[in-house]
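Notes for the one structure printed next.
The values are calculated or read from the model by the stated rules, or taken from the named source; none is laboratory data. Predicted model, so just to flag it, every value in this text is computed and none were measured. Positions of Cβ are generated from backbone atoms using ideal geometry, with glycine treated the same way; all protein chains shown enter the neighbour counts. These area figures cover heavy atoms from the full protein model, side chains too; ligands, DNA and RNA do not enter into them. Shrake-Rupley method; radii C 1.70, N 1.55, O 1.52, S 1.80 Å.
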Amino acid sequence: MSARKLFGTNGIRGLVNVELTPQMAIKVGASIGTFFGANKNILLGHDARTSGPMFAKAVISGLTATGCNVHFVGMASTPAIQFAVKNHRMDGGVIISASHNPPEYNGIKVIWSDGIETSHEQETEIEDVYFEEKTVFAPWNKLGEQSELVGINEEYAQAIKKHVDPAKIASKHFHVVIDAANSVGGIAAPRLLRELGCKVTSINANIDGTFPGRLPEPRPENLGDLAATVRAIGADIGVAFDGDADRSIFVGANGAIYWGDKTFAIVIKQFLLQNPGAKIVTPVSSSTLIKDTVDAYNGELILTKVGSVTVSHKMKEINAQLGGEENGGIFYGPHQAVRDGAMTTALLLNIMAQTGQSLAQLVAEQPQYYIEKGKIPCQDDKKESLQQKIYEQVKDQNISTIDGVKIWFPDSSAILIRPSGTEPIFRLYAEAKTQEKAQKLIEEYSSKIKQILQAL
Ligand code: MG
């Protein structure tokens, strides 16, 4: 965190008691309270991290000091808290979570009344209060009140059920393995799936903020136990959530781990069959698989900058009902326009039930792309001019400059060249129908960029 900035791409994040302290959390709470204003109703909850209760109490102190009433929901997943903010007509919400980061981290996310994270402009307003000492404290007799709000997980699960066909799913008797990373993904989802008639086996299910089972980022290298369990017990599907259960990554009955672009494409196809011409929102970094699927089923693809908050806000702005990221975040608008791991799981089971196809069969019909990545060192002060020079070289091709420079080639291959927001590097993501072609693209553009850099 730099001196004048609190918020990153997904709220405030930091190492507990090093980068993010309880003192800061009180001040952040008071800044959020000042931003919303006295007498506003703010819902607050946290994930399973060891520091969750500590930061929750600190933020609650700050909020009530500015006259905000806090409705505390305790431990819950990020999507369950977001749904509760909207469902209970709160003025806003605060989530204490560091999502997929390791257990020594925590963070603070601010939610608007519609359940969606606040915009970057709103975050700047909160930062302004924080850094300019503009907190407006309430007098002693007008402090905010704190109360507990129970039952949000049950309400959340019931809401998800309305968007699928429970009888159809139940008729298939799916056996599902859930890997909740010892965090909040184990609260609402197992019960929801049992109520949908599934047999549920859980691993890493006990709540433990040290995350002993696996790291909370559902990357393939962390999901070996889930894949082995699905295979060993003959389950139909496995699902792994990240630390706050807004992202979900799936495993087929064969033990294959499918990255999020594949499950997103499955959901897109079914959605477009039922909603012809619908708008699908995804970051420009998404796989060509997403573009192919939207084109094949006559949807309209809307590209955004990278970041889940940007996807949510774009969906709201253009009234789109489906969005997704390749990392396993699917935004199902009819439920809520935010990433939601339990909703995504229910949607996928619904599609498997409706089509009678396994996850492996649904994936098998998709075009196959190969991905290669690269990175090139580039000082932060040269990033802008480098990006401009790259643009000038490729501007006559089929490109997008929404976030970095993305080039699509006539043979369906593509490359995204994008400055890292946190490191002094440019990242390259190439995609092609063969591994060799993807590798060739990385080599070709790496040498082009190095040449430009030398001349800068
Ligand atoms: Mg998350």
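Couple of notes before you dig in:
- In the range 256-285, residue nearest to the ligand (Cβ to nearest atom) [restricted to those that are farther than 30 Å from Gly52 by Cα, part of a loop (DSSP other than H, G, I, E, B) and open to solvent by 10 Å² or more (accessible area, probe 1.4 Å)]: Ser285
- The criterion of at least 1 residues that are open to solvent by less than 10 Å² (accessible area, probe 1.4 Å) is met by the following strands (runs of 3 or more DSSP E) wholly inside the range 377-425: 405-408, 414-419.
- All conditions but one from (1) closer than 21 Å to Thr210 by Cα; (2) within 16 Å of the ligand (Cβ to nearest atom) apply to Ala56; the one that does not is (2).
- Considering only residues in the range 232-249 that are among the hydrophobic types (A, V, I, L, M, F, W, C) and within 16 Å of the ligand (Cβ to nearest atom), the one that is farthest from Ser99 (Cα to Cα) turns out to be Val239.
- Selection within the range 56-114 - hydroxyl-bearing (Ser, Thr, Tyr), open to solvent by 20 Å² or more (accessible area, probe 1.4 Å), assigned to a helix (DSSP H, G or I) and touching an Asp or Glu at 6+ places or on another chain (Cβ under 8 Å): Thr64
- Residue pairs meeting the criteria (Cβ under 6 Å; at least 6 apart or on separate chains; first farther than 14 Å from Val85 by Cα, in the range 137-152; second open to solvent by 50 Å² or more (accessible area, probe 1.4 Å)): Ala138/Ala38
- The requirement of being touching a His at 6+ places or on another chain (Cβ under 7 Å) and either within 19 Å of His335 (Cα to Cα) or more than 16 Å from the ligand (Cβ to nearest atom) (or both) is fulfilled nowhere in the range 202-216; no residue meets it.
Okay, residues lined up against (1) part of a helix (DSSP H, G or I); (2) crowded, with 16+ Cβ neighbours inside 10 Å:
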{"position": "His173", "(1), (2)": "no, no"}
{"position": "Leu192", "(1), (2)": "yes, yes"}
{"position": "Val200", "(1), (2)": "no, yes"}
{"position": "Asn206", "(1), (2)": "no, no"}
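- Filtering the range 33-55 to residues that are hydrophobic (A, V, I, L, M, F, W, C) and over 25 Å from the mean Cα position of the chain (by Cα) leaves only Ala38.
- Residue match in the range 222-236 (condition: free of Cβ contacts under 8 Å to residues at least 40 places away in the same chain, part of a loop (DSSP other than H, G, I, E, B) and within 21 Å of the chain's Cα centre (by Cα)): no
- Scanning the range 17-37 for residues that are within 19 Å of Trp112 (Cβ to Cβ) and either touching a strand residue (DSSP E or B) at 6+ places or on another chain (Cβ under 9 Å) or surrounded by fewer than 16 Cβ atoms within 10 Å (Cβ to Cβ) (or both) yields Val28, Gly29, Ile32, Gly33, Phe35, Phe36, Gly37.
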